[in-house]
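Note sheet for the following structure.
The values are calculated or read from the model by the stated rules, or taken from the named source; none is laboratory data. This is a predicted model, so every value here is computed, not measured. All Cβ positions, even for glycine, are placed from backbone atoms using ideal geometry, and neighbour counts span all protein chains on display.
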Amino acid sequence: MSAPFRILIVEDNQADADLVREALIDAHVTCAITTVSDGAQALEYLRKDSTHAGTDRPDIVLLDINLPRVDGFEVLREMKADPRLKCIPVLILSSSTAGADVRRGYELHANSYIAKHADVNEFFASIHRLERFWLGTAVLPCQTTEGAGAA
Amino acid sequence: MSEGAKPETIILLVEDNAGDVDLVLEAVEHFETPHKLHIASDGSQALEYLAACLDGEKDRLPDLVLLDLNVPKTDGREVLAAIKNDDRMKHVPVIVLTSSAAERELLQVYRLHANCFITKPTDIDTFFAMFQSLERFWLRFARLPPPCGGHAHHAEHRPPRPGVGQRDIEGGIQV
């Protein structure tokens with residue numbers, strides 16, 4: 001695939017967002033990364049509302065749970081109920097490892113749930129593992145002409 | 001779930017092709033994660049197995065489902081929809097494995113809330129590498145929903161030997 005993967009990071013912690021971005025670049029992933037810092041912005045971006053009208057939808061979303069304005073679970077619920085957005089894979093990236101949060105994420109149709117490591121090296125490694133599977137092994141909807149147009 | 005008490009991972013493989021079942025059995029032999037593999041050789045057997053889990057007649061629900069789309073009796077898409085439309089088991093991650101990535105099929109399964117889609121490589125080495133990648137991500141890295149649903153019968157299970165999973169052939173496939 002020659003076009004870069006478009007990745008949306010929904011993360012209010014700037015340091016974590018920067019780490020994800022650095023880890024993806026370090027993994028030599030050809031990707032276009034967009035970061036938004038709250039759930040409302042994420043939905044505006046995905047729906048191409050207001051200032052995002054000319055943007056492309058992402059191929060994959062990395063979603064924190066604890067976000068200002070609209071939390072990650074609500075973003076997920078709205079995405080997976082929207083025919084235009086439901087096929088975009090959403091990977092929850094959260095510091096919560098509570099079983100109830102993990103289960104709720106999957107019940108709302110998160111595609112996967114990854115725990116954020118507090119240790120920077122572990123955090124970096126976890127983004128590399130995520131990248132190897134999702135951008136290397138799995139086939140994403142964007143890897144179709146129809147999916148690229150729809151998503 | 002504490003790390004020390006982590007139970008074996010229960011995987012349901014829904015696959016009718018005996019050759020592919022053999023390959024999966026060989027691939028999961030190399031898994032480092034303790035696991036128990038159930039095999040259903042058609043979609044109806046898979047749904048019967050899941051219903052029995054929910055009724056407490058079998059193990060707890062599987063932690064992960066590996067689903068071939070083109071299986072007899074009940075199609076893989078129907079199995080996927082049945083899992084993802086049932087509040088009691090919609091949380092169970094379903095990985096769709098199929099031999100062809102037809103565009104419409106790929107979009108359809110993501111819209112049905114498959115957790116991910118993987119094409120089966122025809123080359124054996126690549127097939128094993130794909131399963132290694134799958135294990136590294138889904139069994140050793142990603143958080144899976146905590147076990148629940150149905151009744152756990154761990155005490156009745158033989159503990160797996162280190163690095164070796166248990167096999168439970170649900171269908172008529174002889175291995």
*Filter segment B:91-122 down to the residues that are buried (at least 17 other Cβ atoms within 10 Å of the Cβ) and in a loop (DSSP other than H, G, I, E, B), then identify the one that is farthest from the other protein chains (Cβ to nearest Cβ).*
B:Lys120
*Go through (1) modelled with pLDDT under 90; (2) surrounded by fewer than 20 Cβ atoms within 10 Å (Cβ to Cβ) one by one and return the number of the condition B:Arg136 breaks.*
(1)
*Matching residues, segment A:79-107, being over 15 Å from A:Pro58 (Cβ atoms) and either assigned to a helix (DSSP H, G or I) or in contact (Cβ under 8 Å) with a residue 60 or more places away in the chain (or both)*: A:Gly99, A:Ala100, A:Asp101, A:Val102, A:Arg103, A:Arg104, A:Gly105, A:Tyr106, A:Glu107
*Give segment A:59-88 a look and list any residue that's touching a Lys or Arg at 6+ places or on another chain (Cβ under 6 Å) and of a type in the set (D, E, K, R), or say none.*
A:Asp59, A:Lys80, A:Lys86
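Residues are listed down the side, and each one gets a yes or a no for (1) in contact with a strand residue (DSSP E or B) (Cβ under 7 Å, 6 or more places away or on another chain); (2) facing another protein chain (nearest Cβ under 7 Å):
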| residue | (1), (2) |
| --- | --- |
| A:Leu93 | yes, no |
| A:Ala98 | no, no |
| A:Gly105 | yes, no |
| A:Tyr113 | yes, yes |
| A:Asp119 | no, no |
_Given (1) farther than 23 Å from B:Lys84 by Cβ; (2) part of a helix (DSSP H, G or I), number of the condition A:Leu67 does not satisfy_ = (2)
_Meets criteria (in contact with a Pro (Cβ under 7 Å, 6 or more places away or on another chain) and of a type outside the set (Phe, Trp, Tyr)) for B:His91_ = yes
_Residue satisfying all of: in segment A:20-30; crowded, with 18+ Cβ neighbours inside 10 Å and touching a Phe, Trp or Tyr at 6+ places or on another chain (Cβ under 8 Å); modelled with the lowest pLDDT among these_ = A:Val29
*What do you reckon, is B:Asn85 among the polar types (S, T, N, Q), surrounded by 22 or more Cβ atoms within 10 Å (Cβ to Cβ) and at pLDDT 95 or above?*
no
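Sort out which residues of segment A:127-143 are within 9 Å of another protein chain (Cβ to nearest Cβ) and surrounded by fewer than 20 Cβ atoms within 10 Å (Cβ to Cβ), and write them in order of number.
A:Arg129, A:Arg132, A:Gly136, A:Thr137, A:Val139, A:Gln143
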